[in-house]
1. Given the conditions (1) within 26 Å of residue 229 (Cβ to Cβ); (2) open to solvent by 50 Å² or more (accessible area, probe 1.4 Å), which single one is not true for residue 153?
2. Here is a check on your reading of the model: is residue 213 more than 19 Å from residue 181 (Cβ to Cβ), at pLDDT 85 or above and open to solvent by less than 60 Å² (accessible area, probe 1.4 Å)?
3. If you check every pair at least six apart or on different chains, which have Cβ atoms under 6 Å apart with a residue in the stretch 548-568 that is within 16 Å of residue 506 (Cα to Cα) and open to solvent by less than 20 Å² (accessible area, probe 1.4 Å) first and a residue that is assigned to a loop (DSSP other than H, G, I, E, B) and not small (Gly, Ala, Ser) second?
4. Can you name every residue in the stretch 95-135 that is part of a helix (DSSP H, G or I), polar (S, T, N, Q) and in contact (Cβ under 8 Å) with a residue 60 or more places away in the chain?
5. Would you tally the residues in the stretch 136-147 being in a loop (DSSP other than H, G, I, E, B) and open to solvent by less than 30 Å² (accessible area, probe 1.4 Å)?
6. Would you tally the residues in the stretch 216-242 being open to solvent by 60 Å² or more (accessible area, probe 1.4 Å) and polar (S, T, N, Q)?
7. From (1) in a helix (DSSP H, G or I); (2) surrounded by fewer than 18 Cβ atoms within 10 Å (Cβ to Cβ); (3) of a type outside the set (A, V, I, L, M), pick out the condition that doesn't hold for residue 80.
8. Residue 112 versus (1) within 40 Å of the chain's Cα centre (by Cα); (2) open to solvent by 40 Å² or more (accessible area, probe 1.4 Å); (3) over 30 Å from residue 233 (Cβ atoms): which is the lone unmet condition?
Amino acid sequence: MIISALTNTFTKKTGNNLLSSYHSCLLVLLFIANNVIASTKIPQKVDGLIQEATSKEQKGNYNEAIIFYKKALTSLQKNQSAETGKIYFLLGNNFFYLGQSDSSINYYYKALAIGEKLNNAEILARSHQGIGSIYHEQKKYAEALLERTKAVQWARLVANNPSVLSSTLVAQALSNFWLKNYTKAMEIYQEVIPIALKINDYKSLRTVHMNIAAIHLELNIRKPILGYINKSLYYSALMKNPYYDCETNMLVGIFYWRLGEPEKAIAQLKQSVKMGKKINARSHLKRVYDSLAVIYTSKNDYKEALHYFKQSASLKDSIQSEKTLKHIKELEVKYHSVQKDKELAQKQLIIAQKDLQLKQKSKWILIPVIGIVLLTIISVFIFFYYKNKMKFHQQTLMLLEKDREISLLEAMMQGEETERGRIARDLHDGIGGLLSAAKMQFSVLKNTNGTTNHKAEFENGLHLLDESASEIRKTAHNLLPELLNRFGLEEGVFNYCQRVSTNKLRIDFVCMSEIPRLKQSFELTIYRIIQELVNNCIKHSDAREALVQLSCYQNFLVITVEDNGKGFTYQLGQMDGIGLDQIHSKINSVNGNIKIDSTEKGTTVYIEFDIEKLLITKEDIS
C-alpha cells in the first residue's frame, strides 16, 4: 500500500495524474483474501480445480485461473452453497486483477447475495471488501470506506479465521489513509500487526509496514521510513512470490524518488520492469512506466521520458471509469431492489395472513375478472395468429410468384441454348462443310491452272473463303462451347478469352484457385454472362486491356471482369443497349449478386454465386 501513500504527494509534486498506483494496494488485499478463501474446506471433487486455479493465480496467470474457477463452479452446479459464494468472490478478484471491473463487480454481488441468503459472515466480509476495492479504484474513497467498514464488522464475527479480519482491517486503513485520516489509519495498523504476526500473515505485514512508511512520508517524518521499508522488504522475501517481488521493487523505487535519490529510483523501477514482463503484470508495468517517464522528465531527459510515456500508453487500462461506475450503480440498484422486494414480500405475507378471511369472501369477484382477462388474452392471441397467418400466406404467394418467374427465365434460357446449339451445328456441319469444299475446289483449280491471268483476284477469293470458314468455326464455338462441356468453366473461359483477344484489345484470363465442376446448365449460364460482359467491353469501352478473373472459396464462385476503358453511367432499366439488364436477370435466376463500379479510368464488374447446391455429385456423374 505504499503506492497509495506515495501517489497523492507524488502527483502534487509533479502535477501529473499518471501514477494512480493505489491499484497495487487493492491487488495485495485481494491476493490475501484469495489465499484465505482458496484454503477453505471445499468438496473433494472440486479441490483439484481450486488448487490448480490458486497456483495459476499466484503466478499471475489470471485468465487461466478464471478457467479453473469456472470449472469448479460448474462442478458445484451453482447450488447456492457457501462454496459457490467463495468461488464467486475468487472470480471477482481475478477479473479485478485483469482490470475488468464490470465482470468483477458482477461476481462480488453474486457472492454477496449468497452470503446474505446463508448468513455467512466470511462471504459477506469478503464481498463487501471486493466491492470496496472497486469503489477505491474509481477514487470513490468515501463509498469504499463504507463498504470496507461493513467488511470489518462481518469479519469480527468470523472466529475461526483471523486472516479475514486482518485483510479487511488493512483495506479499511487504506481508505482512511486516502481520506487523510492518518491517525485512524495508524490505529488500525497497530491492531493488525499482532493478528498478522500470530498467524504468519506475511502479506498483511508487508503491506502494513509499507503503508506506515507512506504515512510518515506524508507527514514529512523521514527518519523511520527506511526502517519500515526494510521490514516490508523482509516480509516480501518470505512470501517468495514473483508478483510481490515486482511490486516491491516498484514501491521502493518510488520511495527513493520521493527521498531525492532519482538514480536509485530508476534502478529499482527498471528491475521491476524486468520482473513485470516475466509474469505479464500489466497493471504494475503501466505504473512503473509512468513513474520512469515522470522521473526522466524531471531530469530533462525527454528522449527517455517519451519512450516510457509510449510504453505506458501501449498498456493503457481498458476500464472506462464512467461506464464502470454506471454499471456498479445499476447493479447496486438492482441488488437493493431485490432486498426491498424481499422485505415487501415479507410484509405482504403478514398482511395476507391477517386478511385471509376477507379475501375468501371476495374471491368470487376475481372469477369474472379472471374470465375477462383470459377472454381478452385469447382474443388478442387469435387476432395476432390470423394476422401472422395472412402475412405468411402473402409471403408464400410472393415466393411462388418469384419461383415461377425464375422457372420461366430458366426455360427461356434453356430454349435459347438449345437453339444456339442447333444453329452452331448447322453452321459447323452445313455452311462450314460447304465452305471447306469450295476451298478444296479452288485449291485444285489453282494447282491445275496456275497461269491464270487473274491470279491476284483468285488468291483474294481463296483468302476470303479461309476467313469465312474461320469466322463460321469461331461463331459455332461461341454458340456451343465444346471445351466448356468437356473440361469445365476454367478451360472454357480461358479458350474464349484467347480466341477474342486481339492486338487492339488484349484480354487476359486469371484463375485464382481450382474451379470445381458444376451443373452443366449453371456453367453454361456463367459462360454466357462472361461472353456478354467481354462483348460489351469490345464494343463500347474503347479499352486497350481487359481482365477476366475466376476464383472459388468456401463454396462461393467469384467472377471479376475489368477493363481500362472510358467507363459509363449505369442505372437499372436504362442500359438495354449493352444488355446489362439481361445480365442482371440471368444472375438473379441463379441467386447471384452483381456489383458494377465504373469511372472514367475503367469499369469493374464483380459477380458472386453460392455454388454449394450446384456442385456435381456422384449421383449426377452416374
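The values are calculated or read from the model by the stated rules, or taken from the named source; none is laboratory data. The model shown is predicted, which means the values in this text are computed figures rather than measured ones. In this analysis, Cβ positions are derived from the backbone assuming ideal geometry, glycine residues included, and neighbour counts consider all displayed protein chains. We work out accessible area using only protein heavy atoms, side chains counted, and drop any ligands, DNA or RNA first. Shrake-Rupley method; radii C 1.70, N 1.55, O 1.52, S 1.80 Å.
1. The one condition residue 153 does not meet is (1).
2. On the way: more than 19 Å from residue 181 (Cβ to Cβ): no; at pLDDT 85 or above: yes; open to solvent by less than 60 Å² (accessible area, probe 1.4 Å): yes.
Taking the combined requirement at face value, the residue does not satisfy it.
3. Pairs that qualify, where the first residue is within 16 Å of residue 506 (Cα to Cα) and open to solvent by less than 20 Å² (accessible area, probe 1.4 Å) and the partner is assigned to a loop (DSSP other than H, G, I, E, B) and not small (Gly, Ala, Ser), are 565/542.
4. Here is the first cut: in the stretch 95-135, the ones part of a helix (DSSP H, G or I) are 95-97, 101-118, 121-135.
The next check asks that each one be polar (S, T, N, Q); those that pass are 101, 103-104, 106, 127, 129, 133.
101, 106, 129, 133 - these are the residues of the stretch 95-135 that are part of a helix (DSSP H, G or I), polar (S, T, N, Q) and in contact (Cβ under 8 Å) with a residue 60 or more places away in the chain.
5. Initially, the stretch 136-147 is screened for residues in a loop (DSSP other than H, G, I, E, B), giving 138-140.
When the remaining residues are screened for being open to solvent by less than 30 Å² (accessible area, probe 1.4 Å), the result is 138.
Qualifying residue count, the stretch 136-147: 1.
6. Residues that pass the stated criteria total 2.
7. The failed condition is (1).
8. With respect to (1) within 40 Å of the chain's Cα centre (by Cα); (2) open to solvent by 40 Å² or more (accessible area, probe 1.4 Å); (3) over 30 Å from residue 233 (Cβ atoms), residue 112 is out only on (2).
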